[in-house]
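Here's the structure we're looking at; comments come further down.
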């Protein structure tokens with residue numbers, strides 16, 4: 001995806017700055033010094049090892065698959081949030097193919113910002129799925145050094161998507177209807193299909209569990225499949 005002239009570039013930068021105000025997961029740093037950053041592709045090839053181990057240590061568990069699940073869930077949220085916010089709020093999609101991750105944590109950035117305009121909701125769903133799931137979450141899953149069920153990881157992706165949608169609507173209630181339609185369409189795509197049920201108020205009940213309940217003092221999340229009806 002390439003910028004479509006200086007006016008589009010300025011509009012895209014303004015859109016991403018506005019989206020960043022929706023919440024911390026919507027913040028995508030643009031530019032700045034390269035020191036302290038590395039390509040996220042390097043992480044995928046190495047199995048996200050440092051973040052998996054750091055996440056397991058943070059939550060006090062020796063189960064690396066739990067650390068992997070929680071780290072992947074957080075990464076999915078940081079991918080979906082700015083992309084979904086930009087599409088719903090401004091009809092644009094940033095190019096996330098050359099994404100960097102902070103050396104010391106999960107923060108993300110782009111050296112330069114480019115993107116494209118998005119037309120129909122079907123086109124938006126296709127592009128978002130290709131950008132986030134195909135472009136990032138599937139390579140991450142393929143590189144993991146610990147065994148985590150693919151259904152669980154797709155379930156995390158679906159849960160993160162639904163949460164991103166709710167956050168967009170919390171910041172922009174006027175986007176409730178288009179958000180509901182786009183999330184419904186996306187949740188029927190590829191590996192996201194069958195991973196949960198989206199209610200009209202955008203609450204989500206997943207069919208898998210992220211394993212957070214297995215950390216010390218952990219609980220089952222509000223959308224967990226293990227919760228009793």
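Cβ contacts < 9 Å: first residue without any contact (Cβ under 8 Å) to a residue 12 or more places away in the chain, restricted to segment 59-75; second residue part of a helix (DSSP H, G or I), any location; separation 6+ or different chain. Result? If the second residue must be part of a helix (DSSP H, G or I), the pairs left are 62/56.
If you go through segment 1-40 and pick out every residue that is within 27 Å of residue 168 (Cβ to Cβ) and in a helix (DSSP H, G or I), you end up with 20.
Given the condition more than 19 Å from the chain's Cα centre (by Cα) and either loosely packed, with under 14 Cβ neighbours inside 10 Å or in a loop (DSSP other than H, G, I, E, B) (or both), answer yes or no: does some residue in segment 179-199 qualify? Yes - at least one qualifying residue is present in segment 179-199. In the condition set (1) at pLDDT 95 or above; (2) surrounded by fewer than 21 Cβ atoms within 10 Å (Cβ to Cβ); (3) closer than 23 Å to residue 180 by Cα, residue 143 is compliant with all but (3). For segment 35-53, taking the residues that are in contact (Cβ under 8 Å) with a residue 40 or more places away in the chain, within 20 Å of the chain's Cα centre (by Cα) and under 15 Å from residue 105 (Cβ atoms), the one that is surrounded by the fewest Cβ atoms within 10 Å (Cβ to Cβ) is identified as 38. Scanning segment 105-146 for residues that are assigned to a loop (DSSP other than H, G, I, E, B) and out of contact with any helix residue (DSSP H, G or I) (no Cβ under 9 Å at 6 or more places or on another chain) gives 111, 112, 119, 120.
In the set (1) more than 20 Å from residue 91 (Cα to Cα); (2) more than 18 Å from the chain's Cα centre (by Cα); (3) touching a residue at least 24 places away in the same chain (Cβ under 8 Å); (4) not in a loop (DSSP other than H, G, I, E, B), the condition left unmet by residue 175 is number (1).
The values are calculated or read from the model by the stated rules, or taken from the named source; none is laboratory data. Here the structure is a predicted model, which means the values were calculated and not measured. As a convention, Cβ positions derive from the backbone with ideal geometry for all residues, glycine included, and neighbour counts pool all protein chains shown.
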